[in-house]
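This report concerns only the one structure given below.
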Amino acid sequence: MKTPNKHPPRVLAIDPGYDRLGIAVIEGNPSRPTLVMSDCVLPEKGAREERLSYVSKAVHAAIKRYAPDALAIETLFFSVNKKTALGVAEARGAVLAAAGNASLPVIECSPQQVKLAVTGYGGADKAAVARMIPRLISLPKKKRLDDELDAIGIGITGLARLPYH
């Protein structure tokens with residue numbers, strides 16, 4: 001299957017979160033990926049439905065602007081903090097709804113798959129992943145939050161898992 005877009009294979013990657021959502025667009029060959037953009041979406045404090053709407057609108061805007069071939073998102077892992085897990089699950093729902101509204105295929109990536117794709121070891125810690133990302137992909141100099149780096153790692157993994165290259 002060949003990509004219908006005029007750009008190299010492209011993935012919109014999301015590290016889902018309720019307070020901060022990491023977002024990145026990665027394209028190209030999985031062995032030499034290119035960062036198109038990355039950032040953190042920071043919904044204002046307020047009503048849950050407004051925060052989730054903000055997340056969904058940000059993802060929709062990124063889909064419209066960058067025309068990805070797929071959306072890669074980290075699978076939900078169960079947290080000791082139930083309130084945090086619920087917020088992340090709701091943010092994932094807002095992201096998945098935006099992908100569904102755009103008929104965009106979704107690639108789910110487990111934390112172990114991301115660690116394996118980025119470091120070569122599925123049991124690597126977050127620090128090892130953060131150290132390896134700049135070795136795999138050229139990053140413009142700027143301060144990045146963990147969520148943004150996580151989204152870049154998810155993007156690298158999602159690009160490698162696309163059904164076509």
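The table below gives the values:
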quantity	calculated
Taking region 10-161 and dividing mean pair separation by its residue count, relative contact order in percent (alpha carbons under 8 Å, at least six apart)	35
Net dipole in debye of region 116-165 [+1 Lys, Arg Cβ; -1 Asp, Glu Cβ; about Cα centre; nearest 20]	240
Longest exposed-site-free window of the chain, the sites being chymotrypsin sites (Phe, Trp or Tyr not before Pro) in a DSSP loop that have at most 11 other C-beta atoms within 10 Å	79-163
Entries in Lys115/Lys143; Lys45/Lys143; Lys64/Lys115 that, when Cα-Cα distance is taken, lie over 25 Å	Lys64/Lys115
Distance histogram for region 10-161 (every C-alpha pair counted, 5 angstrom bins, percent rounded to whole numbers)	2, 11, 21, 24, 21, 13, 7, 1, 0
Residue exposure sequence - Thr157, Thr84 - by fewest surrounding Cβ within 10 Å	Thr84, Thr157
Pair Ala61, Lys6: separation of 7 Å Cα→Cβ label points (nm)	2.4
Cβ-placed point charges (K, R +1; D, E -1), dipole of the chain about Cα centre in debye, nearest 20	380
Sequence-distant residues sharing a close amide H with Glu74 (under 5 Å, placed H)	Ile14, Cys109
Approximate spin-label separation Lys126-Ser110, in nm, with each point projected 7 Å along Cα-to-Cβ	2.0
Neighbour-count order for Asp147, Asp125, Asp39, fewest beta carbons within 10 angstrom listed first	Asp125, Asp39, Asp147
Net lengthening on full extension, Asn101/Lys142 (0.36 nm per residue, minus Cα-Cα)	11.5 nm
Gain in span if fully extended, Lys45 to Arg161, counting 0.36 nm per residue against the direct Cα distance	38.3 nm
In nm, spacing of pseudo-spin labels at Arg32 and Leu76 (7 Å Cα→C-beta vector)	4.0
DSSP-defined antiparallel bridges as percent of all bridges, the chain, nearest 5	65
Helical segments meeting 24 Å axial Cα length and Kyte-Doolittle -1.0 threshold in the chain (DSSP H)	48-66, 82-101
His60, His7 arranged by Cβ crowding within 10 Å, fewest neighbours leading	His7, His60
Loop-resident sites, region 27-100, for GluC sites (Glu not before Pro), counting at most 15 other Cβ within 10 Å (DSSP)	Glu44
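Values quoted throughout were computed directly from the atomic coordinates according to the rules given, and no laboratory measurement underlies them. All values derive from a computational prediction rather than experimental measurement. Backbone-built Cβ (ideal geometry, glycine too); neighbour counts: all protein chains shown.
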